[in-house]
Amino acid sequence: EIANRCAVILTLLLTSIAFKFVVGQNLPKISYNTFLDTYVLVSFIVLTFIALGVAFVGFLDEHGYKDDAVKTDRAILNISVGAFVIWHISAFVAAVHKIRQRKNRDMGPSEEALSTSKDRLSINFTDSKV
C-alpha cells in the first residue's frame with residue numbers, strides 16, 4: 001500500500017516538473033518568477049512534504065508501530081488536504097486580485113514617463129535663426 005502511494009506521489013512530482021518545462025518553453029524568457037512559477041513551485045513543495053510523510057508512515061508501519069502509523073497517516077491526510085485547499089483558495093484570490101488591478105490601471109505611459117520624455121524632447125525654438 002505504501003509503495004503504491006509513493007508511486008502516485010512521485011508520478012505527480014514528475015508531472016509537475018514536466019509541466020514546468022513544457023510551459024516554460026512556450027512563455028517568454030524573463031528574469032523574475034511569474035505567478036505560474038510560484039504556483040508550480042509551491043505545489044512541488046507540498047507534494048514533496050506529502051511524499052516525506054508517506055515515507056515516514058511506511059517506516060512506522062514497517063517497524064511495528066501500527067497505531068502510530070494509522071494516526072500519523074490520518075494527520076498527514078488532514079494536513080495535506082487542508083494545505084491543498086488553503087493554497088488553492090489563496091492562489092485563486094491572488095489571481096483575481098491581480099486581474100482586477102490590471103483592469104483598473106490606466107493605459108498608456110505613467111506620469112513619470114511623460115514628464116521625463118517632455119523634458120528630453122523639449123526644444124527651444126527661440127535660439128534658432130530661421
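With all protein chains present, how much of the accessible area of segment 1-114 (probe radius 1.4 Å) comes from carbon and sulfur, to the nearest whole percent? Could the numbers behind the result be given before it?
On the way: 6100 of 9040 Å².
Roughly 67 percent of what the probe reaches on segment 1-114 is carbon or sulfur.
Using each residue's phi in segment 6-18, evaluate 6.51 cos²θ - 1.76 cosθ + 1.60 at θ = phi - 60° and report the 3J(HN,Hα) Karplus result to the nearest Hz, with x for Gly and Pro.
Here the 3J(HN,Hα) series is 4, 5, 5, 5, 5, 5, 5, 4, 5, 5, 5, 5, 4 Hz.
Could you go through segment 20-29 in sequence order and give the Karplus-derived ³J(HN,Hα) for each residue, using 6.51 cos²θ - 1.76 cosθ + 1.60 with θ = phi - 60°, rounded to whole Hz, and x for Gly and Pro?
4, 5, 5, 5, x, 6, 9, 10, x, 7
Test of the criteria: in segment 1-45, which chymotrypsin sites (Phe, Trp or Tyr not before Pro) are in a DSSP loop and have at most 11 other Cβ atoms within 10 angstrom of their Cβ?
Numbers: sites: PHE19, PHE21, TYR32, PHE35, TYR39, PHE44; in loops: TYR32.
Sites meeting the loop and neighbour criteria: TYR32.
The values are calculated or read from the model by the stated rules, or taken from the named source; none is laboratory data. Keep in mind that this is a model prediction, so the values were computed, not measured. Note that we place each Cβ from the backbone using ideal geometry, even for glycine, and neighbour counts take in every protein chain shown. Ligands, DNA and RNA are stripped out before the accessible areas are found, and what is left, the full protein with its side chains, is counted by its heavy atoms. Shrake-Rupley method; radii C 1.70, N 1.55, O 1.52, S 1.80 Å.
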